[in-house]
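In what follows, a single structure is set out as structure tokens and then discussed.
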Amino acid sequence: MSQPLRVALAGLGTVGGGVVKLLDANRALIERRAGRPIAIVAVSARDRTRDRGVDLGRFDWVDDATTLAMRDDVDVVVELVGGSDGPALTLARDTLGAGKAFVTANKAMIAHHGLELAETAEKRGVALKYEAAVAGGIPVIKGLREGMAANEISHVFGILNGTCNYILSEMEEKGSDFADVLAEAQRLGYAESDPSFDIDGVDAAHKLTILSSLAFGTAVDFASVAITGIRHVIAADIAEAAALGFRVRLLGHGEASEKGLFQRVHPCLVPLSHPLAHVSGSLNAVVAHGNFVGRLFFQGRGAGEGPTASAVVADLIDIARGETGPAFAMPVAALAHPAIASADDRRGRAYLRFTVADRPGVLAEITAAMRDAGVSIESLIQRGVASDGNVLIAIVTHISPERAVQAALDRLEGSQSLTGKPMLMHILDE
Ligand code: NDP
Ligand code: HSE
């Protein structure tokens, strides 16, 4: 029989526990597909006594996960601890530096240190794999890196955070409260250990930088992503969006053009006619445009035990088959470092929501600011006085330069008529 691929597993939480269960459940099939057995030999987590619903007694337990890199009886280390730095990064550096393959689901680490790790992997001729880091169970890394390898890719965008999508969908479908749905997403194992990474858009931005690099052949660039999360989306925005024929979704958007690289994470209004409007719950979806293949749409579970473990084990099967290749679809030295494209030059429709005092002239003040900034209104909804005495005005603009919409908001800055900060969401029209 062929030699087994010997695996060390650091992290036995939602994803790590799922990997043990999956390897147990599909062992025979995986062996046939991989051409040899895949065998966990050592595991590590913080709390040795915790019941994880799987038999760990058959594996060697290690208290210090970072020692796994140096074991002679290990061919590949799987890191499912999390965190961009700390023990995860030490383990990654030591494992690749020791000439062993490394698998991770850690998008934060890949977004911040992926190029350095990929360079080490190249030098040592070993695999660095991270399919689970973006969009959970969807094989989108493979899709871009291998399936679309022959194409020039101009756009990549989509729903990249299962927690936010779950929150927005539950708020829309069930009228649930933001905090309650977030607590449920945490219970289901979707959320990051610090859930502000999810709701403030940071996790989606980590994933977007990885997709952009693979799609456009550019160096991973987290610093240039403009990030807005869903913290300020209120139930009324979701209701007004629905009344106007849209759903609210947190989108990551990457674009490569002669103006440079554009990357943004932001809550958007998605028309009901667009497939992304129908991606609900913890589902993720990624759209990519290639110059020969056209538009591809990838959809599936973006978070949770089973889908994420599926992606991790797929990486292990690749490694067992001896498949390597550059982590970012080309050698690190070949990746471009483009200019950063400004959002000011972009054009599109926008949704604006104002909460205002109920008194004469308020609507005129808002529409005057828009007129003066050269922004034309496509539709407008005004709702009557709420119990707190405020009126809600929701506006959809015609296609306008983003800089003009921002100028209209700037003109209203400090207005005594506004009782809260206005909300701006761009509208997806592609
Ligand atoms: P969990 O918090 O559920 O699990 C983390 C695991 O790491 C726990 O077993 C914990 O030990 C262990 N751990 C923490 N610190 C250390 C340490 N210093 N040394 C050894 N072990 C340690 O996280 P998830 O499983 O949800 O996520 C793991 C990774 O996968 C993260 O990078 C995350 O971003 C990523 N990911 C998660 C997805 C999901 O849906 N959950 C989807 C895609 C990616 P103990 O159990 O003893 O506390
Ligand atoms: N917290 C992440 C999410 C996990 O909700 O999408 C999957 O990467």
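As an exercise: evaluate ILE167 against (1) within 26 Å of ALA215 (Cα to Cα); (2) crowded, with 22+ Cβ neighbours inside 10 Å and give the number of the one condition it does not meet.
It is condition (1) that ILE167 fails.
What is the number of the single condition among (1) without any contact (Cβ under 8 Å) to a residue 24 or more places away in the chain; (2) within 16 Å of ligand 2 (Cβ to nearest atom); (3) acidic (Asp, Glu) that GLU79 does not meet?
(1)
Has the stretch 130-140 got any residue that is out of contact with any Asp or Glu (no Cβ under 7 Å at 6 or more places or on another chain), part of a helix (DSSP H, G or I) and farther than 14 Å from LYS107 by Cα?
no
So that you can scan it fast, the table gives a plain yes or no per residue for (1) at pLDDT 95 or above; (2) among the hydrophobic types (A, V, I, L, M, F, W, C); (3) touching a helix residue (DSSP H, G or I) at 6+ places or on another chain (Cβ under 6 Å); (4) more than 30 Å from THR324 (Cα to Cα):
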position	(1), (2), (3), (4)
GLU146	yes, no, no, no
VAL156	yes, yes, yes, no
GLY162	yes, no, no, no
ASN165	yes, no, no, yes
ASP177	no, no, no, yes
ASP180	no, no, no, yes
ARG187	yes, no, no, yes
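Does ARG46 meet the test of being within 16 Å of ligand 1 (Cβ to nearest atom), open to solvent by 70 Å² or more (accessible area, probe 1.4 Å), at pLDDT 95 or above and out of contact with any strand residue (DSSP E or B) (no Cβ under 7 Å at 6 or more places or on another chain)?
So ARG46 passes the test.
Scanning for something over 23 Å from ARG346 (Cβ atoms) and within 14 Å of ligand 1 (Cβ to nearest atom), does the stretch 207-228 turn up at least one residue?
Within the stretch 207-228, not a single residue is over 23 Å from ARG346 (Cβ atoms) and within 14 Å of ligand 1 (Cβ to nearest atom).
Within the stretch 96-116, count every residue that is touching a Ser or Thr at 6+ places or on another chain (Cβ under 9 Å) and more than 14 Å from ligand 2 (Cβ to nearest atom).
The number of residues fulfilling the criteria is 8.
How many of the residues in the stretch 112-143 are aliphatic (A, V, I, L, M), within 11 Å of ligand 1 (Cβ to nearest atom) and out of contact with any strand residue (DSSP E or B) (no Cβ under 6 Å at 6 or more places or on another chain)?
3
Are any residues in the stretch 194-206 near ligand 2 (Cβ under 9 Å from one of its atoms) and not acidic (Asp, Glu), and if so, which ones?
Scanning the stretch 194-206 gives PRO195, PHE197, ALA204, HIS206.
Give the residues of the stretch 387-402 that are farther than 23 Å from CYS268 by Cβ, under 36 Å from the mean Cα position of the chain (by Cα) and open to solvent by 30 Å² or more (accessible area, probe 1.4 Å), sorted by residue number.
ASN390
Consider the stretch 90-101. How many of its residues are within 13 Å of ligand 1 (Cβ to nearest atom) and open to solvent by less than 10 Å² (accessible area, probe 1.4 Å)?
Adding up the residues that qualify gives 2.
Taking ALA309 as the residue in question, decide whether it is out of contact with any Ser or Thr (no Cβ under 6 Å at 6 or more places or on another chain) and without any contact (Cβ under 8 Å) to a residue 40 or more places away in the chain.
no
Kindly provide the set of residues from the stretch 128-165 that are in contact with a Phe, Trp or Tyr (Cβ under 6 Å, 6 or more places away or on another chain) and within 12 Å of ligand 2 (Cβ to nearest atom), ordered by number.
Passing the criteria: ILE138, VAL140, GLY162, THR163.
For GLY125, are the conditions met, namely being within 13 Å of ligand 2 (Cβ to nearest atom) and on the phi > 0 side of the Ramachandran plot?
No; evaluated as a whole, the condition is false for this residue.
State all residues of the stretch 57-69 that are within 15 Å of ligand 1 (Cβ to nearest atom) and either at pLDDT below 95 or over 14 Å from ALA39 (Cβ atoms) (or both); if no residue qualifies, say none.
Answer for the stretch 57-69, where residues must be within 15 Å of ligand 1 (Cβ to nearest atom) and either at pLDDT below 95 or over 14 Å from ALA39 (Cβ atoms) (or both): TRP61, VAL62, ASP63, ASP64, ALA65, THR66, THR67, LEU68, ALA69.
Applying the selection to the stretch 209-238, what residues are assigned to a helix (DSSP H, G or I) and crowded, with 16+ Cβ neighbours inside 10 Å?
THR209, ILE210, LEU211, SER212, SER213, LEU214, ALA215, PHE216, ASP237, ILE238
A quick yes/no check of all residues on (1) under 22 Å from LEU244 (Cα atoms); (2) basic (Lys, Arg):
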| residue | (1), (2) |
| --- | --- |
| HIS337 | no, no |
| SER342 | no, no |
| ALA350 | yes, no |
| ARG353 | yes, yes |
| ASP358 | no, no |
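Go through (1) touching a residue at least 60 places away in the same chain (Cβ under 8 Å); (2) more than 19 Å from LYS421 (Cβ to Cβ) for PRO360 and report which single condition fails.
(1)
The values are calculated or read from the model by the stated rules, or taken from the named source; none is laboratory data. Everything numeric in this text was worked out from a predicted model, so none of it was measured. FYI the Cβ positions are ideal-geometry reconstructions off the backbone, even for glycines, and counts take in every protein chain you see. Areas reflect the complete protein model, heavy atoms only, side chains present, ligands, DNA and RNA absent. Shrake-Rupley method; radii C 1.70, N 1.55, O 1.52, S 1.80 Å.
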